[in-house]
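Just below is one structure, and these are the notes that go with it.
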Amino acid sequence: MAAAPAPLPVDAKAAATSAGPVHVAIIMDGNGRWAKARGLPRTAGHKRGADAVRRVVNAAPDLGISYLTLFGFSSENWSRPEPEVKDLMGLLRLYLQSEIADLDKNGVRFRVIGDRSRLPPETVALIDKAERETRSNTRLNLVIALSYGSRQEIIAAARALAADCRDGRISPEQIDERAVSERLFTADIPDPDLLIRTSGEQRISNFLLWQLAYTELVFTDTLWPDFGFEDLAAAVAAFRGRDRRFGAVPA
């Protein structure tokens, strides 16, 4: 695993921890463009993107981040060319096989949200193993969204609520925001405080639509393979400069 960045000075770390985001979500975009600009295959961009994941996971705790959710593979990504999907699944398996021991040693809890039924069985087995082995870690919660689509997630929650009403476990009048949230993949995960999207694109792409209701958004031109500690720190600094009112008037 790549070496961790130098720790923040005590005063800077304290400031980031006290005022910075607890949960950061990132749409990791730009692997393909990074590779194309260098005359390399898209696979090379995805491999360099895995290096960026290591950098961000190492940096997050020193910036006061307790939850880091990364959009790794969307439900729409299954429509990409079969060779690219196969390469991505291979990189995922390699990551699970090579990184989990270091994550565990560094106090990182690893979790996956999404539709696992579409993932290869051997990949699901590795995910289950990684989640079991890191379950008690508390330094950082690393959540990877795989085969994930937010509309599909909300539809599944609606179906679960409909079944609960049909079977008499709840009444329609009991359906509220909490009832919906408890039936999402992120039921025990706080909503993101900050969403970062790399590569200059400015859209949400069916990612955590319910959970992002009051999330601060930061868009950066940096391509994901080039993203690192300074980029994450800059996004956290931008967050700290925002006035979060959650629909209320300023104090």
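The table below gives the values:
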{"read-out": "Selection from VAL108, GLY72, ASN31, by position along the positive dipole direction of segment 21-124 (Cβ)", "value": "ASN31"}
{"read-out": "Per-pair calculated FRET efficiency, R0 = 22 Å: LEU212 and GLU182 via Cβ, rounded to 0.05", "value": "0.80"}
{"read-out": "Of LEU119, ASN137, LEU208, farthest towards positive along the dipole that unit charges on Lys, Arg, Asp, Glu beta carbons give segment 20-240", "value": "LEU119"}
{"read-out": "Residue of VAL56, VAL218, VAL180 that the Gaussian network model of the chain assigns the largest fluctuation, springs spanning Cα pairs under 10 Å", "value": "VAL180"}
{"read-out": "The chain, helix-only ellipticity at 222 nm - DSSP H runs n ≥ 4, -39,500 (n - 2.57), divided by all residues, nearest 500", "value": "-13500 deg cm²/dmol"}
{"read-out": "Over the chain - Rg/Rh using Cα atoms and the Kirkwood inverse-distance radius", "value": "0.97"}
{"read-out": "Per residue, the convex hull volume that the Cα atoms of segment 131-211 enclose (Å³)", "value": "145 Å³"}
{"read-out": "Residue among GLY49, GLY168, GLY107 with the largest mean-square fluctuation in a Gaussian network model of the chain, springs linking Cα atoms under 10 Å", "value": "GLY168"}
{"read-out": "GNM result for the chain, Cα springs below 10 Å: residue of GLY45, GLY90, GLY114 fluctuating most strongly", "value": "GLY90"}
{"read-out": "Only Lys, Arg (+1) and Asp, Glu (-1) charged, at Cβ; segment 20-240 dipole about Cα centre in debye", "value": "540 debye"}
{"read-out": "Estimated distance in nm for a label pair at ARG132 and ALA156, the labels positioned 7 Å out from Cα along Cα-to-Cβ", "value": "2.1 nm"}
{"read-out": "Within the chain, longest stretch clear of exposed trypsin sites (Lys or Arg not before Pro) (DSSP loop, no more than 15 other Cβ within 10 Å)", "value": "39-134"}
{"read-out": "Least to most buried among LEU161, LEU194 (fewest other Cβ within 10 Å first)", "value": "LEU161, LEU194"}
{"read-out": "Mean Cβ count within 10 Å, highest first, over the residues of peptides 227-237, 19-29", "value": "19-29, 227-237"}
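Values quoted throughout were computed directly from the atomic coordinates according to the rules given, and no laboratory measurement underlies them. Keep in mind that this is a model prediction, so the values were computed, not measured. With ideal geometry, Cβ positions are generated from the backbone for all residues, glycine too; neighbour counts draw on all protein chains shown.
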